[in-house]
Amino acid sequence: MRKLILQMQMSVDGFVGSDEDRRWQLWEWGDDSDWDEELKQDFNAVFTTVGTILLSRKMAEEGYLTHWGNAAKKYPKDCFYAFAQRIVEAEKVVASDKLAASRWERTRVVSGDLPREVDALKQGEGGDIAVFGGAGFASALIAAGLVDEFQLFINPAALGKGRRIFDQGGFARLTLLGSKSYACGMVVSRYALTQ
């Protein structure tokens with residue numbers, strides 16, 4: 001069975017977003033990135049195991065698929081953008097009750113019972129499933145017990161307030177699978193739910 005892997009950038013105080021207009025994430029969409037080479041290599045290595053990408057409607061509509069599709073075309077030989085080509089090649093699934101059809105290549109829209117849809121994806125063929133979306137989408141997946149692995153990209157910033165991903169899920173004990181710090185100041189910690 002395939003794993004559902006939630007990848008999320010967060011601050012050291014546990015927030016994944018803020019309503020204030022501050023640059024706090026080391027890696028944002030675009031060519032300007034403060035990630036170091038080792039982190040870029042490790043991220044690309046993790047992404048080689050991904051066969052499907054599950055996105056929230058907002059993430060898809062805000063340009064995630066278009067952005068990384070353009071990056072794959074613009075930097076076809078740049079090793080930092082190897083994951084962009086994987087995004088293009090992977091099956092993409094957008095969870096939405098508002099969209100009727102996909103306007104993106106290799107992408108389909110699912111609606112209705114999110115746990116049922118995710119379970120069907122997990123039973124499918126191919127590599128693991130990476131999840132990208134905002135706090136609400138991540139919280140819904142966590143509350144439904146659908147996340148098998150958390151990959152938390154902890155940025156060296158404290159926001160003090162904002163949106164969190166563990167607000168809806170209640171108590172959960174996690175098992176540390178690994179943690180690594182990088183020269184840029186980011187720490188990537190991987191967790192699974194303790195059985």
Index of the failed condition, MET59 passing every other in (1) at pLDDT 90 or above; (2) under 16 Å from the mean Cα position of the chain (by Cα): (1)
Qualifying positions in segment 163-181 - modelled with pLDDT of 95 or more and either part of a loop (DSSP other than H, G, I, E, B) or surrounded by fewer than 12 Cβ atoms within 10 Å (Cβ to Cβ) (or both): THR175, LEU176, GLY178
Residue in segment 98-110 that is touching an Asp or Glu at 6+ places or on another chain (Cβ under 7 Å) and touching a residue at least 24 places away in the same chain (Cβ under 8 Å) present: no
Tabulated pairs, segment 51-74, first charged (D, E, K, R), second surrounded by fewer than 21 Cβ atoms within 10 Å (Cβ to Cβ) and not in a helix (DSSP H, G or I), C-beta under 8 angstrom, 6+ apart or interchain: ARG57/SER96; ARG57/LYS98; ARG57/LEU99; LYS58/GLY134
Any hit, segment 7-14, residues being in contact with a helix residue (DSSP H, G or I) (Cβ under 6 Å, 6 or more places away or on another chain), of a type in the set (Val, Ile, Thr), closer than 17 Å to VAL187 by Cβ and not in a helix (DSSP H, G or I): no
Residue among PHE137, PHE150 that alone is modelled with pLDDT under 95 and of a type in the set (Phe, Trp, Tyr): PHE137
Residues within segment 123-138 that are closer than 22 Å to LEU65 by Cβ and in a helix (DSSP H, G or I), tallied: 4
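Here is a yes/no grid of residues against (1) among the aliphatic types (A, V, I, L, M); (2) touching a residue at least 60 places away in the same chain (Cβ under 8 Å); (3) in contact with a His (Cβ under 6 Å, 6 or more places away or on another chain):
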residue	(1), (2), (3)
LYS3	no, yes, no
MET8	yes, yes, no
GLY14	no, yes, no
ASP19	no, yes, no
ASN44	no, no, no
ALA90	yes, no, no
Selection from segment 81-108 of residues that are surrounded by 12 or more Cβ atoms within 10 Å (Cβ to Cβ) and of a type in the set (Gly, Ala, Ser): ALA82, ALA84, ALA90, ALA95, SER96, SER102
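The values are calculated or read from the model by the stated rules, or taken from the named source; none is laboratory data. What you are looking at is a predicted structure, and each value in this text was computed from that prediction instead of being measured. So basically every Cβ, Gly included, is an ideal-geometry build from the backbone, and we count neighbours across all protein chains shown.
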